[in-house]
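Peer 1: Once you've had a glance at the structure underneath, I'll fire off some questions.
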Amino acid sequence: MSVRASACGKAILFGEHAVVYGQPALAVPLPSLRAYAEVVEPPPKHGIIIEAVDVGRRITYPSGTEAKDLLSHGLRLTIMNTLAALGVQEIPALTIRLSAQLPQARGLGSGTAVTAALVRALAAYLGKTMPTELLSELVYQTEIVYHGHPSGIDNTVIAWERPVYYQRERPLQLLENLPAFHLVIADSGIASHTIQAVEQVRAAWQAQPARYEALFTQIGQLTADGLRALEAGNLALVGNLMNANQKLLREIGVSSAEIEHLTATALSAGALGAKLSGGGLGGCIIALVEKDSAMPVCQVLRREAHQVWLVEVHDANRD
Ligand code: MEV
């Protein structure tokens, strides 16, 4: 039986890190950068085999003899929780191949997208429907393994594949009627592990709670302003607010020399605004561009970055 499921990557326009501490954040899906989970032949005699081709790993479910690292723990937990949520008692025999167009550990949500694609593939193979809320919750449970203290924004934007304004303990806002806009994404080539960045910020917040809470509040305010500017189609203001957000991310200690270089390069080539996206300490930058300046910004960044993508962000539900 041929089953292939996928899930998109994500970019955070405003509010990463502060969102972990209850502030709002605004994230958009990247439908053209996806992770895939495909049921492939031959099936094993028993249980599930996961071939994670991008990292050259083969993981069995239930647990085999291979090392019990974070990745295998996350994948097994995903399978166990998904089967339980779908009410499936008997473990099916199948091989699932995971792959991604998204670079790993670059703040674009590759791990989250792989988990979401795996959940979707399991549900599709078993002939079950997977409501988006349940998908998001299952992915969140695995995010806890990978990230420690996830805010929930990554699983939410990736499960819904819609722009979201997200705040913990508040009703989710799926953003409708946003104008389409273009982002240039540039990869610094430096792996950035979200768990490391989140733990670093947590330690700094514990050491200086008042200072960090003030920074998080400022980021939350910028996020609220960013949403209003975006809804009004004022991209110049959105860009300025992204720059202000980047300044605050620098202050909370999650920027890097490479990120600063790429954001400065994007701005000097005509981007309206540029910032890191995701955990930081490496990873990707996103630059907001007018359609006309997209090519010059891409060209200049291609000389400096590991990889560059131009994406159009629009709400697919409006098509
Ligand atoms: C990671 O994409 C965004 C962070 O804010 C962590 C989180 O929200 O879970 C850094």
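Peer 1: What is the packing order of peptides 71-82, 37-48, taking the mean over residues of other C-beta atoms within 10 Å and listing the highest first?
Peer 2: Numbers: 71-82: 19.8, 37-48: 15.1.
With the highest mean Cβ count within 10 Å placed first, the list reads 71-82, 37-48.
Peer 1: Just give me a number: lysine pairs in the chain, eight or more positions apart or cross-chain, with C-alpha atoms less than 30 Å apart.
Peer 2: Lysine pair count for the chain: 11.
Peer 1: Considering the dipole of the chain built from charges on the beta carbon (Lys and Arg +1, Asp and Glu -1) around the Cα centre, which of Gln218, Pro42, Leu237 is farthest to its positive end?
Peer 2: The residue sitting farthest along the positive end of the dipole is Pro42.
Peer 1: Also, quick follow-up: Can you give the charge dipole size of the chain about its Cα centre, rounded to the nearest 20 debye, using +1 on the beta carbon of Lys and Arg and -1 on the beta carbon of Asp and Glu? Intermediate values should be presented prior to the final figure.
Peer 2: On the way: 25 positive and 29 negative charges, 65 e Å.
For this selection, approximately 300 debye.
Peer 1: Would you please give the FRET efficiency between Glu251 and Gln299, computed as 1/(1 + (r/R0)^6) with r the Cβ-Cβ distance and R0 = 30 Å, to the nearest 0.05? Walk me through the numbers on the way to the answer.
Peer 2: Details: r = 31 Å, r/R0 = 1.03.
About 0.45, to the nearest 0.05.
Peer 1: Take every Cα pair under 8 Å in the chain that's 6+ residues apart, average their separations, divide by the length, and report that relative contact order as a whole percent. Present the calculation step by step, with values, prior to reporting the outcome.
Peer 2: Working: 696 pairs, mean separation 72.9, N = 319.
The normalised contact order for the chain reaches 23 percent.
Peer 1: Label points 7 Å out from Cα along the Cβ direction at Ala207 and His306: separation in nm?
Peer 2: 2.7 nm
Peer 1: Considering Cα pairs under 8 angstrom that are at least six residues apart, work out the relative contact order of region 167-246 and quote it in whole percent. Please report the intermediate quantities before stating the final value.
Peer 2: Numbers: 24 pairs, mean separation 24.6, N = 80.
Computed over region 167-246, the figure is 31 percent.
Peer 1: Quick one: 3J(HN,Hα) in Hz for region 256-272, Karplus 6.51/-1.76/1.60 with θ = phi - 60°, rounded, Gly and Pro as x.
Peer 2: 7, 4, 5, 5, 4, 5, 5, 5, 4, 4, 4, 5, 5, 8, x, 5, 6
Peer 1: Tell me the net charge near Tyr146. Cut-off is 15 Å between Cβ atoms, Tyr146 excluded, with +1 for each Lys or Arg and -1 for each Asp or Glu.
Peer 2: Values: positive: Lys10, Arg57, Lys68, Arg76, Arg106; negative: Asp69, Glu143, Asp154, Glu199.
Charge balance near Tyr146 sits at +1.
Peer 1: A further question on this structure: Using only Cα atoms and rounding to the nearest 10 degrees, what angle (0 to 90) does helix 70-85 make with the longest principal axis of the chain?
Peer 2: For 70-85 against the chain, the angle is about 70 degrees.
Peer 1: Around Ile190, which amide H atoms from residues at least 5 apart in sequence, or from another chain, sit under 5 Å from its own amide H, with H modelled in the peptide plane?
Peer 2: Gly283
Peer 1: Right, here's the next one. Quick one: Karplus J couplings for region 286-299, per residue in order, coefficients 6.51, -1.76, 1.60, θ = phi - 60°, nearest Hz, x for Gly and Pro?
Peer 2: Along region 286-299, the couplings run 10, 10, 7, 10, 6, 3, 5, 9, 4, 5, x, 5, 4, 4 Hz.
Peer 1: Given 0.36 nm per residue, what is the gain on full extension from Lys291 to Arg168 after removing their alpha carbon distance, in nm?
Peer 2: 40.9 nm
Peer 1: Moving on to the next point. Under 8 Å for C-alpha pairs, at least 6 residues apart: give me the relative contact order for region 184-315, rounded to a whole percent.
Peer 2: On the way: 203 pairs, mean separation 50.3, N = 132.
Computed over region 184-315, the figure is 38 percent.
Peer 1: Between His314 and His261, what is the label-to-label distance in nm when each label sits 7 Å out along the Cα-to-Cβ direction?
Peer 2: Label-label distance for His314 and His261, simple model: 3.6 nm.
Peer 1: Residue by residue through region 12-27, what is 3J(HN,Hα) from phi via Karplus (6.51 cos²θ - 1.76 cosθ + 1.60, θ = phi - 60°)? Round to whole Hz and write x for glycine and proline.
Peer 2: So the J values, rounded to whole Hz, are 9, 6, 8, x, 4, 6, 4, 5, 5, 9, x, 7, x, 9, 10, 10.
Peer 1: Amide H to amide H, which residues 5 or more places from Glu290 or on other chains are under 5 Å from it, using H placed in the peptide plane?
Peer 2: Placed amide hydrogens put Leu272 under 5 Å from Glu290.
Peer 1: Under 5 Å between amide hydrogens, which residues at least 5 positions from Gln173 or on another chain qualify, with H placed 1.01 Å from N in the peptide plane?
Peer 2: Tyr165, Gln167
Peer 1: For the chain, what is the calculated [θ] at 222 nm in deg cm²/dmol (nearest 500), taking -39500 (n - 2.57) for each run of four or more DSSP H residues and dividing by its residue count? All intermediate terms of the calculation are to be shown ahead of the outcome.
Peer 2: On the way: 9 runs with 137 residues, N = 319.
Rounded to the nearest 500, the figure is -14000 deg cm²/dmol.
Peer 1: Can you give the net charge of the other residues whose Cβ lies under 15 Å from the Cβ of Ile190, counting K and R as +1 and D and E as -1?
Peer 2: Working: positive: Arg106; negative: Asp187, Glu258, Glu260, Glu304.
Taking every Cβ under 15 Å from that of Ile190, the sum is -3.
Peer 1: Now for a different question. Can you tally the net charge around Arg97? Count Lys and Arg as +1, Asp and Glu as -1, for every other residue whose Cβ sits under 12 Å from the Cβ of Arg97.
Peer 2: Values: positive: Arg4, Arg57, Arg58; negative: Glu38, Glu41, Glu51, Asp54.
Summing Lys and Arg as +1 and Asp and Glu as -1 gives -1.
None of the figures in this text is laboratory data; all of them are computed from the coordinates on show. Everything numeric in this text was worked out from a predicted model, so none of it was measured. Please note: Cβ atoms are built from the backbone with ideal geometry, for glycine as well, and neighbour counts cover all protein chains shown.
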